[in-house]
Structures are given as C-alpha cells and as structure tokens.
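Input: a single structure, listed below in structure tokens.
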Amino acid sequence: MHFSRFKFRFLMIGLTAIFATSITNAQNETLIPRSMPGDKGRYYLMESKKTGNVIHALHKRVGVDSIVFSRTETNCKTRKMRELGSSESSPENIKKSPTDWFDLVPGSSKSDLAHFICNW
C-alpha cells in the first residue's frame, strides 16, 4: 500500500489521538503503528517525556526470538534522533552508549517512532 505524506500524517494524528492517554504512563505499552509492512517485530512505546523540542522515549521491540528495550532522544524540530542505549534483558539494564544524531529513514521503525511521538 502506498501512503502519501498527507495520508501518513493524517493516519499518525488519528492514531496518536486514540493512544494519547497512555503515552506518558510507564505502566502502559502503546503499540507504535508501522508505515511499512514486512517487519515481523512489534514496537511498543513504554514511556516518553518532552523537554523543549526533544522527546526522551523508552520503547521495546518484540521480535520472533528476542525482545530489545531501547532509549532514544528525538528532536522534533530538526527531525533527528539518537539512540542512548539498549538491552535485551530489561529497561533497567540499558547501558548508556549514545550515538550521534542521525537523520530518520522513511519507513524505518525509528522514523515511525518519531512520527508517533512528535505528531508530525
């Protein structure tokens, strides 16, 4: 299915409105909608906190044979992200190893996360 930028934005705004009540509650896990089919993993936002233009997020990927917890920072103004660290055991075991800020690749799980939390 081909999504125009307008349709994708409209979809993201609608889905964000549906899940808005659980975005900041760490007890809830909100399914992050994917824009591209094919990935066998499911992605969940576990918590997010906004500081200025930057959103700090904890999310997890549940794959066929593994679960990975990751922390990211997303600058919603510049549309760039950096990974702060990840762990296969738990959020508490995420070791800090920040990457440089990078551009988001359309259709990637990181791009979908950014669209979801920034409401682009």
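Rule-based calculations on the coordinates, nothing more; no lab input. Bear in mind the structure is a predicted one, so any value in this text is a computation, not a measurement. For neighbour counting, all protein chains shown are included, and Cβ atoms are generated from backbone atoms with ideal geometry for every residue, glycine included.
Points worth noting:
- Stretching the chain fully between Lys95 and Lys40 yields a gain of 17.2 nm (0.36 nm per residue, less the alpha carbon separation).
- Net +/- balance of residues flanking Ile32 in space, Cβ distance below 9 Å, scoring K and R +1, D and E -1: +1
- Extension gain, Lys50 to Ser108: 0.36 nm times the residue separation minus the Cα-Cα distance gives 18.7 nm.
- Neighbourhood charge, 10 Å Cβ-Cβ cut-off, centred on Ala114 and excluding it, Lys, Arg +1 and Asp, Glu -1: +2
- Its relative contact order, with pairs defined as Cα atoms under 8 Å and 6+ residues apart, puts segment 38-112 at 20 percent.
- 22 Å Cα-Cα reach of Lys96 towards lysines, excluding residues that sit fewer than 8 places from it in its own chain: Lys49, Lys50, Lys60, Lys80, Lys110
- Cα-based Rg of segment 26-107 normalised by 2.2 N^0.38 Å, two decimals: 1.09
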